[in-house]
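What follows is one structure encoded as structure tokens, with my remarks underneath.
A short reminder: the numbers here are calculations on the coordinates, not readings from a lab. Since the structure is predicted, the reported quantities are computational estimates derived from the model, not experimental observations. No Cβ is skipped: glycine too gets one built from the backbone with ideal geometry, and neighbour counts run over all protein chains shown.
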Amino acid sequence: MQIAFTGSRRLKEAQELNIYKDFDYFIANHKADWHVGDAPGLDALVRRVAADYDKQLTVYEVEGTEKWHFAARSKRMVDAIANLPDPWLYAFPNKLCPDGCKPCKSPSGQGSGTWLTIAYAKYRGLQIRIFPQFSTQLEDKSWLPQWLKDEPENKQLNLF
């Protein structure tokens with residue numbers, strides 16, 4: 001199993017605590033190699049805890065200062081695991097998906113690197129697990145963009 005991580009560059013203390021709980025409950029027990037960027041926030045958190053969980057960690061560094069360099073880093077990370085067995089993206093968005101962000105070869109996150117990474121991972125066929133860092137109701141998936149909703153929910157039966 002390969003797990004790439006994406007999330008906000010700024011985490012509030014309460015968000016960090018919730019993410020630690022997610023790691024303990026959902027993530028740390030998987031036998032997996034971890035992949036993450038070199039940004040602050042969630043990336044830094046993953047880099048700090050990888051050793052605690054004895055995980056093999058690959059860090060992807062940004063190669064410039066322009067916005068597209070950051071997107072290229074995220075795409076490199078996704079591309080690196082897309083063809084490996086059992087690739088996953090674990091995403092920790094701190095806001096709703098921006099309008100206009102959708103899976104494609106060159107997605108626009110409309111200012112959200114996290115959602116850009118999610119859209120690109122969907123395009124490349126990774127399995128995606130989202131841990132929203134904003135308020136949602138248990139089992140409520142209405143906040144998900146249409147392109148992330150489960151296939152059976154998207155199908156409209158045609159009677160005629």
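Before moving on, here are some points about what is shown:
- Listed residue (58, 45, 82) projecting farthest to the positive dipole end of region 10-111, Cβ model: 82
- Using θ = phi - 60° and Karplus 6.51 cos²θ - 1.76 cosθ + 1.60, couplings along region 70-87 (whole Hz; Gly, Pro as x): 5, 5, 5, 4, 4, 5, 4, 5, 5, 4, 5, 10, 4, 9, 8, x, 6, x
- Here the dipole of region 15-66 is about 280 debye; that uses its Cα centre as origin and unit charges on the Cβ of Lys and Arg (positive) and Asp and Glu (negative).
- Relative to the Cα centre, the charge distribution of the chain, modelled as +1 at Lys and Arg Cβ and -1 at Asp and Glu Cβ, gives a dipole magnitude of about 380 debye.
- Largest mean-square fluctuation among 147, 88, 115, in a Gaussian network model of the chain whose springs join Cα atoms under 10 Å apart, belongs to 147.
- Shape of region 55-100, Cα gyration tensor, a/c cut at 1.5: oblate
- For residue 35, the residues whose modelled amide H falls within less than 5 Å of its own, excluding neighbours fewer than 5 places apart on the same chain, are 3, 4, 5, 58.
- For the chain, Kirkwood radius (reciprocal of mean inverse C-alpha pair distance, Å): 16.2 Å
- Sites residue 141 and residue 14 - FRET efficiency at Förster radius 25 Å, r taken between beta-carbons, to 0.05: 0.65
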